[in-house]
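Worksheet for the structure shown next.
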Amino acid sequence: MSQAPDMPRTLKASRVIARFTVRVALLVGFAAFGSVGFGRSLAVLLWMSIILCALAGLVRREPLFRTSLNHWDEAAAFGALFALVHIANDLTSEQPAL
């Protein structure tokens, strides 16, 4: 019996970026149908994505600060998007002073 060759532990950067793009598109699609509003729904979904990417990085034992992209980099990118959405939500929810 021949054994299958070992799968590479790292993916090409283009595949990681494509995976991230598809995930963001799915999150935006789900947030569009959220009952609490687009901004709040997207913020919650991004927060969950941060947690899931961090868990995936832990389970796969991916090292931090590598030259190749991995789940930790995706978690950081989702964190940056979460911060932007959170700031935008705060700015739009403020009432103008009279």
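The values are calculated or read from the model by the stated rules, or taken from the named source; none is laboratory data. Given the structure is predicted, the values throughout are model-derived calculations rather than measurements. Using ideal geometry, Cβ is built from the backbone for each residue, glycine included, and neighbour counts are taken over all protein chains shown. Each accessible area value is taken on the protein alone, full model and side chains, heavy atoms only, with ligands, DNA and RNA left out. Shrake-Rupley method; radii C 1.70, N 1.55, O 1.52, S 1.80 Å.
Within the stretch 69-81, the only residue that satisfies the criterion of being part of a loop (DSSP other than H, G, I, E, B) and of a type in the set (A, V, I, L, M, F, W, C) is L69. Taking the conditions (1) surrounded by 19 or more Cβ atoms within 10 Å (Cβ to Cβ); (2) within 16 Å of L27 (Cβ to Cβ); (3) of a type in the set (D, E, K, R) in turn, R40 satisfies each one other than (1). Do we have G39 as more than 15 Å from the chain's Cα centre (by Cα) and either within 15 Å of L81 (Cα to Cα) or in a helix (DSSP H, G or I) (or both) here? Answer is yes for this residue.
Of all residues in the stretch 53-68, none satisfies being in contact with a Leu (Cβ under 7 Å, 6 or more places away or on another chain), surrounded by 16 or more Cβ atoms within 10 Å (Cβ to Cβ) and part of a helix (DSSP H, G or I). For the stretch 55-81, a tally of residues being aromatic (F, W, Y) and more than 14 Å from F20 (Cβ to Cβ) returns 1. Of the residues making up the stretch 60-84, those that are over 11 Å from the mean Cα position of the chain (by Cα), of a type outside the set (F, W, Y) and modelled with pLDDT under 95 are R60, R61, E62, P63, L64, R66, T67, S68, L69, N70. State whether the residues of the stretch 82-94 include one that is open to solvent by less than 30 Å² (accessible area, probe 1.4 Å) and in a helix (DSSP H, G or I). Checked against the condition, which is being open to solvent by less than 30 Å² (accessible area, probe 1.4 Å) and in a helix (DSSP H, G or I), the stretch 82-94 yields at least one hit.
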